[in-house]
Amino acid sequence: MKGLLYTVEKEKHNEKDLKEILKSNPQIKFVSLMGIDLGGNATDEKIPVELFLEDINDFLESAVQTDGSSVELYNIATLNNAKVDLKPDSDCKWYVDYNMEHIDSELNLPIGTLRIPAFLIHDNKKVCSRGVLQRAEKYFKTSLFEIFEKYPHVINNIGIDSVSDIEDIILTSATELEFWVNTPEDKADLEKLYVSQSLKEQYWKRTHGIIRTCLEKSLIALQNIGVNPEMAHKEVGGINSSISIDGKTNHAMEQLEISWKFSSPLQAADSELIVREVIEDIFTSNGLEVTFKAKPIHGVAGSGGHTHVGASAKLKNGKIVNIFAPKDMKNDYLSELGYGALMGLLRNYEVLNPFVTSTNDGFNRLVPGFEAPVCTVTSLGHSYEVPSRNRSVLVGLIRDIKNPKTVRFELRSPNPLSNTYLVLAGCYQVMLDGIKASAQSKLSTKDLEKELSKGLGEDGFYLERDRMYRDENDVFEHYTMEERNERFSVPPATVYENMQNLEKYKNKLESLKQGNVFTEAIIESFKVGAIKKWKKELSNRIIDDAMDSIRSYSKLHEKENMDALDEVMWNSIADIKFNVMKDTLTRKSLFTQIKEALEAKDYAKASNLQLELKANMEEIQQLYVKYKKNIY
């Protein structure tokens, strides 16, 4: 496959170059527009290349119509106004997606599709995830120049003499992608997975067999399309696979991670989507199952999509200055702009969180004990010289005292299926809110550090009185749940609770809406979509899965081999089974109560019952493992 075309750079998005490229690459048979709806779903509108070539200019400058009912734009693309247009984005990288299972018999090459990132247009407005992120990038840059003009001390203190010295603001973003892979139909041995994880037997271990091959193929494919992978390795989850007589991998169940170089926010989000597709294509074509779910296996480490955000000023003399880095890395953690950005992330997280975690699966991952953040808190480090590596916090400060360019923030709560476009847009919006506040305060870096490190009940000029925002301890080991809730506030536990924060914190919602980046229509559409999916999954998939589990827990002991302990444990199991699943003439099961609450649109009640169901299912699973161990 040497010599295949994999990307078309933005400089060549014109009629002359495109005609030449497509005619000299006859294996590219289709053009596909990739718009991203508010649910993070990518469209795949395949158009034969011949039609594309007939009128390229019209295609690039206008838009292709599609049916709004096929994309997730609740309350925007309605039944009586469903027309949505797909407009190609000519200002980004385009990709060629090859189908390795479909070989052109004449060319002996795989059939290719030119995938063009696009915007979804409704009533002449960009209503898609890419459009929101594009607006966020533009507004962040424009606003920074205005801040620098009005409050020059914030750039003077990082070594920039004047705003006129700045040529451009460069935003840098990246994600880390974790995922699970296994041989089809293999069932998880929860106890083996848990023990292996506790012993960290799989972490950074050498891959082998078909998994090694697929991982290497994925990295090569990503290099080909210019994503520039930096690292791939085993994660903490997984168990040892076995090799059959014919050399095939059996019983593989491993967690892997791939990361790649930083780029602009819009490019970073596009890249993540492409990376997921490449990985899935390569692993599945080799007979392995891949899942990007946040918590595919209960009780074992879930998969994260840690998201990194940074910003720099490009000066007219060619120098690059990280605006979050202090002038003296040995005397400060951050610059005034850096402290403002970090405080903005933490203070406004209640309204950013709904866009980060909007699924039941996402909430299944966010539980204490699995390096998944639950508390709205950050860690800076025990000293300016020693960087923080606290993995229990929501926002990590990444810094290398010898290299100021590396200073950035790592949001640890996203998962592989979070809508990265909206997550990044939200991050830059709430960071900007904090930057504005810190610049207006004219406080020094030491005073801003004091603000971020304030105690419970202490007043702040920006941060809230009844909260703490910084802690250098492992917040899960060092505090009880009650102590965490008191210090860092009570986190939402269900999708419904999280979406309610968009109503509860109207004042903080303004940080997302500034500059008309997140419009009322976008926020409402996202919320409606998240709640609809939550309701459907809860009333069907979650209850059905729980029902299957309940039925699988059967009585194993008999009179001749039992002890009173067996009877006591089984009775406890039977009581939970009865409470969760069995309706009688005098009482309704937990399943029925949930369904009735959803039908009555009493979502608060359904949300509370969901938590009760989750607690019951966790308890019965643990009880049954103990019960089985005592049966011989």
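Any read-out appearing in this document is the output of simple, stated calculations on the displayed coordinates, not a laboratory observation. Because the structure is predicted, anything quoted here is derived from the model rather than measured. Cβ atoms come from the backbone with ideal geometry, glycine included; neighbour counts cover every protein chain shown.
Of the chymotrypsin sites (Phe, Trp or Tyr not before Pro) in the range 443-516, the ones in a loop by DSSP (not H, G, I, E or B) with at most 14 other beta carbons within 10 Å are 461.
By the gyration tensor of its Cα atoms, with a ≥ b ≥ c the square roots of the eigenvalues, what is the shape of the range 286-379: rounded for a/c under 1.5, prolate for a/b over b/c, or oblate? It comes out prolate by the Cα gyration axes. For residue 519 and residue 568, the FRET efficiency from 1/(1 + (r/R0)^6), where r spans their Cβ atoms and R0 equals 45 Å, is about 0.15. Modelled spin labels at residue 164 and residue 7, positioned 7 Å past Cα toward Cβ, are 3.7 nm from each other. Shape class for the chain: oblate, because the ratio a/c of the largest to smallest gyration tensor axis (alpha-carbon atoms, square roots of eigenvalues) is 1.5 or more and b/c is at least a/b. The separation of the range 35-56 from the range 129-175, counted between C-alpha centres, amounts to 33 Å. If you average the C-alpha positions of the range 528-585 and of the range 289-366 separately, how far apart do those two centres end up, in angstrom? Here the two parts' Cα centres lie 38 Å apart. Amide H contacts of residue 34: 116, 118, each under 5 Å away and 5 or more positions distant or on a separate chain (H built 1.01 Å from N in the peptide plane; Pro and chain starts excluded). By the rule of a C-alpha distance below 21 Å, with chain neighbours fewer than 8 residues away ignored, the lysines paired with residue 559 are 626, 628, 629.
Short-range pairs are left out: with C-alpha atoms under 8 Å and at least six residues apart, the relative contact order of the chain is 12 percent. Karplus couplings for the range 545-555 from phi (6.51 cos²θ - 1.76 cosθ + 1.60, θ = phi - 60°), rounded to Hz, Gly and Pro as x? Residue by residue, the range 545-555 yields 5, 5, 4, 4, 5, 4, 5, 6, 7, 10, 5 Hz. In order along the range 157-169, the phi-based Karplus estimate (6.51 cos²θ - 1.76 cosθ + 1.60, θ = phi - 60°) of 3J(HN,Hα) comes to 6, 10, x, 9, 6, 8, 4, 5, 7, 8, 8, 7, 9 Hz; Gly and Pro are listed as x. Taking a ≥ b ≥ c as the square roots of the eigenvalues of the Cα gyration tensor, the range 59-166 is classed as oblate, since a/c reaches at least 1.5 and a/b does not exceed b/c.
Sort 49, 132, 300 so the one with the fewest other Cβ atoms within 10 Å of its own Cβ comes first.
Going from sparsest to densest Cβ surroundings: 49, 300, 132.
Taking the fewest neighbouring Cβ atoms within 10 Å as the starting point, the ordered list for 352, 53 is 53, 352. Placing a label point 7 Å from the Cα of residue 123 along the Cα-to-Cβ direction, the residues of the range 519-560 whose backbone N falls under 12 Å of that point are 520-522. Listed by chain and number, the aspartates and glutamates placed with their C-alpha closer than 19 angstrom to that of residue 555 are 563, 566, 567, 575, 618, 619; residues fewer than eight positions away on the same chain are left out.
The order of 4, 417, going from fewest to most other C-beta atoms within 10 Å of their C-beta, is 4, 417. Amide H contacts for residue 311 (H built 1.01 Å from N in the peptide plane; partners 5 or more residues away or on another chain; cut-off under 5 Å): 172, 323, 324.
Considering only 76, 360, 95, the residue lying farthest towards the positive end of the dipole of the chain is 360, judged by Cα position with unit charges set on Cβ.
State which entries of 19/87; 19/527; 508/577 exceed 31 angstrom in Cα-Cα distance in the structure shown. Pairs exceeding 31 Å: 19/527; 508/577.
Could you work out [θ]222 nm for the chain from helices alone, using -39500 (n - 2.57) per DSSP H run of at least four and dividing by all its residues? Round to the nearest 500 deg cm²/dmol. Mind showing how you got there, number by number?
Working: 22 runs with 261 residues, N = 632.
Estimated from H runs of four or more residues: -13000 deg cm²/dmol.
Farthest toward the positive end of the dipole of the chain, out of 403, 128, 301, is the Cα of 403, where the dipole comes from beta carbon charges about the Cα centre. Please list, by residue number, everything in the range 78-122 whose backbone N is under 20 Å from a paramagnetic label point 7 Å out along Cα→Cβ of residue 14. Counting only backbone N, you get 88-95. So if I place +1 on the C-beta of Lys and Arg and -1 on the C-beta of Asp and Glu, and nothing else carries charge, what would the dipole magnitude of the range 7-126 be about its Cα centre? I want it in debye, nearest 20. Computed about the Cα centre, the dipole is about 200 debye.
You can think of it this way: the chain between residue 327 and residue 440 has 38.7 nm of extra reach, that is 0.36 nm per residue less the Cα-Cα gap.
With 26 Å as the limit, the listed pairs 10/513; 504/588; 405/436 have 10/513; 504/588 beyond it between alpha carbons.
Percent antiparallel among DSSP beta bridges with both residues in the chain, to the nearest 5? So the antiparallel bridges amount to about 85 percent of the total. For the chain, the dipole from Cβ point charges (+1 on Lys and Arg, -1 on Asp and Glu) about the Cα centre works out to 740 debye, to the nearest 20. Between residue 277 and residue 319, full extension at 0.36 nm per residue minus the direct alpha carbon distance yields a gain of 11.5 nm. Karplus-derived 3J(HN,Hα) values for the range 118-125, using 6.51 cos²θ - 1.76 cosθ + 1.60 with θ = phi - 60°, are 9, 10, 8, 10, 9, 6, 6, 10 Hz; glycine and proline are entered as x.
Projecting the Cα atoms of 562, 586, 543 onto the charge dipole of the range 532-629, computed from C-beta unit charges around the Cα centre, puts 543 farthest toward the positive end. Counting only Cα atoms, the range 7-126 measures 47, 31, 22 Å along its principal axes, largest extent leading.
Mean separation of Cα pairs under 8 Å and 6 or more residues apart, divided by the residue count, gives the range 7-126 a relative contact order of 32 percent. Multiplying the residue separation of residue 453 and residue 582 by 0.36 nm and subtracting their alpha-carbon distance yields 41.3 nm.
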